[in-house]
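Each remark here refers to the structure printed beneath this line.
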Amino acid sequence: MNELAAHLEPAKGEGTPWPGAALQAASALHAEAVEQLFCACEMRLGRFLAQMVGDRALAEDLLQESFYEAFRCRDQLGEIENPEAWLFGIARNRALASLRRRRRFRAALERLAPRSEPGERDDVELLALRDLLERTLEPDDRALLVLRYLHGFDAVELAAMTGRTPEAIRQRLARARARLIRAAGHQSTTPWDEEMKS
């Protein structure tokens, strides 16, 4: 018997528990489970969000939003087979929404002003990789690659996060990898390569 069921089962001779009390007890246990889950995944989840959006401050905001959303939906936790994948799925959705907002904002800025150059302090290789990912893949495919290869989620867990089948995830990952490899092979030089030569 799981902890929730044991907590809700009436003691001998007590009869049926009051439904309101049972719901409050279930909600309290789910809240505690969400908090424990968040504590266990907070560092990895924060890294994932930073990798997705490329901005540590924004990633911290998205981390808080993800926790809030998980807490708000805590009653679903009893039905979730893989709570970690569920939490990463929430974070993924938040990151993708943020990327869409950022893309719309950038498009508006580009219409108003010329694009600024990246700062000298930025890591050139990381910028080149991020640029390649952004130019080559849609945000959803980038999220799948980051979750699979940097965070170790398998196709079944990614399927639980996205609502797709594991086979669809495997196909999508294979196609995204192939596009990325083709783009990397066709990329002869980047603007940063030219800067390094001078």
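The values are calculated or read from the model by the stated rules, or taken from the named source; none is laboratory data. As the structure is a prediction and not an experimental result, all values here were calculated from the model. Cβ placement follows ideal geometry from the backbone for every residue including glycine, while neighbour counts extend to all protein chains displayed.
Some notes on this structure:
- Just one residue in the set A155, A128 is modelled with pLDDT of 85 or more and surrounded by 14 or more Cβ atoms within 10 Å (Cβ to Cβ); that residue is A155.
- Residue within segment 42-54 that is surrounded by fewer than 13 Cβ atoms within 10 Å (Cβ to Cβ) and under 29 Å from L137 (Cα atoms) present: yes
- Residue check for A95: modelled with pLDDT under 95, surrounded by fewer than 19 Cβ atoms within 10 Å (Cβ to Cβ) and of a type in the set (A, V, I, L, M, F, W, C): no
- Any hit, segment 76-83, residues being in a helix (DSSP H, G or I), surrounded by fewer than 17 Cβ atoms within 10 Å (Cβ to Cβ), touching a residue at least 24 places away in the same chain (Cβ under 8 Å) and not acidic (D, E): yes
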